[in-house]
């Protein structure tokens, strides 16, 4: 009964996010037909020459803007300029970014340091492989949904090899055999079928995301056999273990990235956008 | 007979002239990137060099291989043409300083990561070189892409992508965001302050 209630709750959340995504997408499309500048992210709409202009000037200005963009595009090796994703809730997201930043420095990092002192690096790497191996069905189903059969085959072979020869996934002999880890999730699947990011979301603990990828995460939970096999607390505990284990192995990466940024919030948002886009294109 | 041979030789030289004059890079992009990275790795592995000497040596290679003008142009994007040449120059110098200050103490963190050189794609005057960095701390090898431009017969780097994240694009968005709310001079001031702060903490 409890499991059913949880499922309904998660499903409800997923449906809500998907409907928001679709509603936002269609309304944006209608507005975009009137003013292409609307398609630009909020921070770059300000740059658009359409701002505060009468309708008579709009078409001409938009055309000029487009011409300028095209010229810039040609300059940039003929590639489309990547824009960043819309962020209508920037003040809220900035607040949540600060929360996540504090969570990292005050909770995850100290915890990961202690964890790293207890467990040797090789054990932690083994743990990462094992947890990743347990989530193989998510990658398998998403590869199938994206009709990437070769990737689905790779996931299957990796799972078979690493679960047996790799001692329950702690070792990764499959990579040495040339079967590189596949990284597919439902967020990417939705992206492959044309769903845009809709808008940016910074979620506490989970970190940078967007409406599409958050919906994807919900869908991934349903695709994960562990969700049905494990008690909810064990499932959440496994996630926490994975997170702390990962932080313990990559301490310094976030710090370096933050240090190199002029505006860390914008830098993370844009890096997330670019990273997810290239994953979808792969 | 002898004059005939000389004329034939001259004729052949004339035929070859367009190819000789054409200043296309002699070295392939992947070979150039490889040579620069190998030089950098040799410096990092040299136990005789002190950390600041390593940084200095590596920056010499960086200056030879990166076209900062092209980098700055792309970071400013559409605004490059809207600002005065002096401001462009100021920005180029400042941005270069900022990036260098950023990486000044990161070379010490090198812990034997291996570089795998992948394919190259040439679309004159541009080219791309794909790399993979093998590091134990990450689950998968890190994919990298160097974007180069042919500058008078030499391939110069103007952007680096890590896991599909373009450095130029990332800074462009950050700088655009500042420029939405403040002037170009204020943006330059922000960049200068940031570079100074980085130098102090280095």
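Where a number appears in this text, it was derived from the coordinates with a stated rule and is not lab data. Not measured: the values here are computed from a predicted model. Methodologically, a virtual Cβ is constructed for each residue, glycine included, from the backbone with ideal geometry; neighbour enumeration extends over all protein chains shown.
Between residue B:123 and residue B:135, what is the label-to-label distance in nm when each label sits 7 Å out along the Cα-to-Cβ direction?
Using points 7 Å along Cα→Cβ, the separation is 2.9 nm.
With everything on Cα atoms, drop me the angle between helix B:29-45 and the longest principal axis of chain B, reported from 0 to 90° to the nearest 10.
50 degrees
Using only Cα atoms, what is the ratio of the radius of gyration of region A:229-282 to 2.2 N^0.38 Å?
Compactness ratio reported: 1.52.
Let me know the whole percent of all Cα-Cα pairs from region B:61-169 that are separated by more than 16 Å.
Every Cα pair in region B:61-169 considered, those over 16 Å come to 66 percent.
Can you compute the label reach from residue B:186? Point 7 Å from Cα along the Cβ direction, backbone N cut-off under 18 Å, restricted to region A:234-267.
Flagged as within label range: A:262-264, A:266.
In Å and from the alpha-carbon atoms only, list the Rg and Dmax of chain B.
Radius of gyration, then largest Cα-Cα span, for chain B: 21.2, 78 Å.
Rounded, prolate or oblate: which one fits region A:85-213, using the alpha carbon gyration tensor with axes a ≥ b ≥ c (rounded when a/c is under 1.5, else prolate when a/b beats b/c, else oblate)?
Taking the square roots of the gyration eigenvalues as a ≥ b ≥ c, region A:85-213 is oblate.
Bin all alpha-carbon pair distances of region B:34-116 at 5 Å intervals from 0 and give each bin's fraction as a whole percent.
Taking every Cα pair in region B:34-116, the percentages come to 3, 13, 21, 19, 15, 12, 9, 6, 2, 0.
Just checking the output field for B:157-165: average partner chain Cβ neighbours within 10 Å of each residue's Cβ?
4
Can you tell me the orientation of helix B:167-181 relative to chain B, as the angle in degrees between its alpha-carbon axis and the longest Cα principal axis, to the nearest 10?
50 degrees
Using a Gaussian network model of chain B whose springs link C-alpha atoms within less than 10 Å, name the residue from B:81, B:147, B:128 with the highest mean-square fluctuation.
B:81
Compare the peptides A:139-149, B:52-62, B:163-173 by average per-residue count of other Cβ atoms within 10 angstrom and give them in order, highest first.
Ranking the peptides A:139-149, B:52-62, B:163-173 by packing returns B:163-173, A:139-149, B:52-62.
Can you pull the mean other chain C-beta count within 10 Å for peptide A:256-263?
Across A:256-263, the average partner-chain Cβ count within 10 Å equals 6.
On a 0 to 90° scale, report how tilted helix B:2-21 is relative to the longest principal axis of chain B, with both axes built from alpha carbons and the result rounded to the nearest 10.
Helix B:2-21 and the main axis of chain B meet at about 20 degrees.
Note down the nm distance, to one decimal, between modelled labels 7 Å out along Cα→Cβ at residue A:183 and at residue B:108.
2.9 nm
Within a 10 angstrom radius of the beta carbon, how do B:94, A:111, A:190 rank from fewest other beta carbons to most?
Fewest-to-most ranking of B:94, A:111, A:190: A:111, B:94, A:190.
Of the peptides A:89-97, B:108-116, how do they stack up when ordered by the mean number of other Cβ atoms within 10 Å, highest first?
Result, highest mean first: A:89-97, B:108-116.
Calculated FRET efficiency, residue A:105 and residue B:89, Cβ-Cβ r, R0 35 Å, to nearest 0.05?
0.35
Can you give me the P(r) profile for region B:78-140? Cα pairs, bins 5 angstrom wide beginning at 0, each as a whole percent.
4, 12, 11, 12, 16, 19, 14, 9, 4, 0
Taking each residue in A:239-249, count the Cβ atoms of any other chain within 10 Å of its Cβ, then average. What number comes out?
Per residue, the average neighbour count from other chains is 1.
Can you put A:276, A:124 in order of Cβ neighbours within 10 angstrom, beginning with the fewest?
In order of increasing Cβ crowding within 10 Å: A:124, A:276.
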